[in-house]
Amino acid sequence: MLFLFTAALGATFESLSGMDLRTTAQLFSDSKKLKDEPVSEPAIQAGKGAAQDTPPLEEAFDWSQYPAKKVIATGYTAGEESTGKRPGHPSYGITYSGVKVKRDLYSTVAADPEVFPIGTILFIPGYGYGVVADTGSAIKGNKIDLYYETVDEVYKNWGKRTLDVHIIKMGSGKVTEEELTALNEDEAMQVFRQSYLKTAD
């Protein structure tokens, strides 16, 4: 009975998060190791709190286990300068997939669905995780567009870069608000969520 309950729980998690349990277990295992290891002196000097004692995501996991793809990455906002829509428009802040734009540990990003289908989870060094939820007329081929809340944040924090992104999971063509929320509220990743968002501000 316990086995059936555990299997059902695992299947529910996979359907909500879009990540298989092996990937999640690996991330959880790596994050637990980091918590259990003593903090080095340079990290103590650089940080001013517990969140800053955690290494950035770029250094926390072995990203080489995931396929990489070179892309040109730019930034966009929900505003008129990027989407042609103003606040008050019924589609303002709504992505092609139907989810709301979000800047978080798992943020919404735009891509060519022929390259990265909707729902694809990428790790983007310097930005965090991106969930492909949007498309764009200028986003064709190996290009992605990263969501930021303001134009100032786009210029200050990103601009335009050519870099390798890691493909954590290819999408199925859809993504929901529930899946995005489950990813961002994954208990094992909260230490990274807090510290990463502070460094991205």
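The values are calculated or read from the model by the stated rules, or taken from the named source; none is laboratory data. Just so we're clear, the structure is a prediction, and the values are computed from it rather than from any experiment. Cβ sites come from the backbone with ideal geometry, for glycine too, and all protein chains shown count toward neighbours. Keep in mind that these areas ignore ligands, DNA and RNA; they rest on the heavy atoms of the full protein, side chains included. Shrake-Rupley method; radii C 1.70, N 1.55, O 1.52, S 1.80 Å.
Rounded, prolate or oblate for the range 100-167? Axes are the square roots of the Cα gyration tensor eigenvalues, ordered a ≥ b ≥ c, and the cut-off for rounded is a/c under 1.5. Here the range 100-167 falls in the rounded category.
Taking a ≥ b ≥ c as the square roots of the Cα gyration tensor eigenvalues, with a/c under 1.5 meaning rounded and otherwise prolate when a/b beats b/c, else oblate, which class fits the range 48-175?
Verdict is oblate for the range 48-175.
When both the range 132-193 and the range 85-101 are represented by their alpha-carbon centers, they are found 16 Å apart.
State the percentage of accessible surface on the range 57-201 attributable to carbon and sulfur atoms; use a 1.4 Å probe and exclude ligands, DNA and RNA. It is 48 percent, rounded to a whole number.
Specify whether the C-alpha gyration tensor of the range 132-194 places it in the rounded, prolate or oblate class, a ≥ b ≥ c being the square roots of the eigenvalues: rounded for a/c under 1.5, otherwise prolate if a/b is larger than b/c and oblate if not.
Judged from the Cα gyration tensor, the range 132-194 comes out oblate (a/c at least 1.5, b/c at or above a/b).
A Förster distance of 45 Å, applied to the separation of the beta-carbon atoms of GLN194 and SER137, puts the FRET efficiency at 0.80.
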